[in-house]
Amino acid sequence: MDQYRTEEEQVEALRRWWDENGRSTIVAIVIAVSLSFAYQTWKGNAERQRENASDLYQAMLQSMVGAQGDAAMEGQGVAMAEQLKSEYGGSTYAQFAALHLARLAVDKGELAEAESQLRWVLGKADKGSDTGQLAQLRLARVLAASGDSDQALAILDSAGQGSYQASYAVARGDILLGEGRTEEARLAYSEALSVAASNPGQVNLQTLQQKLQSLNPVPARELVPAAAEPAGDPAVSETTPQDQEG
């Protein structure tokens, strides 16, 4: 402001600036305040939504776990799971709820319902997320149980590398074994064992080893020719191959 010689000139310059820019300045301030308020309101609502979804999910778990054959209590849990899906469909809690509903459907032999719940999860979960991979794994098993082994294998083959790689390989082996494709099943179990060795905790190693061992041929023990047995010992000469292997 040094270029102005008098205070009147300074005041006049400020008045002209205000006439030219004052309205836009006020509008900018109002917009900034409004956006800040809207963001804080949205953030608060989102936090309340998460808290409500969490509380409802915990209540659902208590009902389902505590049901112990109580149909009414289980029904309450199912109702809360469906509420999570309808009111908080974008939350991870809703995805977990649908996974529980799928498990209940499998336990009851309602494979079509289980497939529907799992596909709902896949439609909501982020691609490649742990939740999505788990839903794919379970969907593959449900489809195989429904008789659609080809689609089940296609789902498992498209999964790529992930947190459930060993579990996917085991599922692939189970499905292939059910189809009578023994050698392919053995290879799948071997892959699972290899992955699990470097990433423990993914599968039950003892069970996996038993499955693999059941498919590995055990060489027959060489039997001593009967002509080589000492003569005159009926107990030996009448020994059967089964007795010798025992």
*Considering segment 183-205 alone, what residues qualify as being over 23 Å from the mean Cα position of the chain (by Cα) and surrounded by fewer than 13 Cβ atoms within 10 Å (Cβ to Cβ)?*
183
*Residue check, residue 107 against (1) surrounded by fewer than 19 Cβ atoms within 10 Å (Cβ to Cβ); (2) in the same structural domain as residue 195 (by TED's automatic domain parsing), all met but one. Which one?*
(2)
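Scanning segment 119-161 for residues that are among the charged types (D, E, K, R) and within 21 Å of residue 181 (Cβ to Cβ), which turns out nearest to the chain's Cα centre (by Cα)?
Of segment 119-161, the ones among the charged types (D, E, K, R) are 119, 124, 126-127, 130, 138, 141, 148, 150, 157.
Still in the running and within 21 Å of residue 181 (Cβ to Cβ): 141, 148, 150, 157.
Values: 141: 13, 148: 20, 150: 21, 157: 16 Å.
Ranking the candidates gives 141 first.
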*asked:* Being at pLDDT below 90 and surrounded by fewer than 16 Cβ atoms within 10 Å (Cβ to Cβ): is that true of residue 151 here?
replied: no
*Take segment 50-72 and flag every residue that is in contact with an Asp or Glu (Cβ under 9 Å, 6 or more places away or on another chain) and touching a residue at least 24 places away in the same chain (Cβ under 8 Å).*
52, 53, 56, 64
*asked:* Filter segment 67-102 down to the residues that are among the β-branched types (Val, Ile, Thr) and farther than 15 Å from residue 52 by Cβ and list them by number.
replied: 78
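The values are calculated or read from the model by the stated rules, or taken from the named source; none is laboratory data. Since the structure is predicted, the reported quantities are computational estimates derived from the model, not experimental observations. Every residue, glycine as well, gets a Cβ built from its backbone with ideal geometry; the counts of neighbours run over all protein chains shown.
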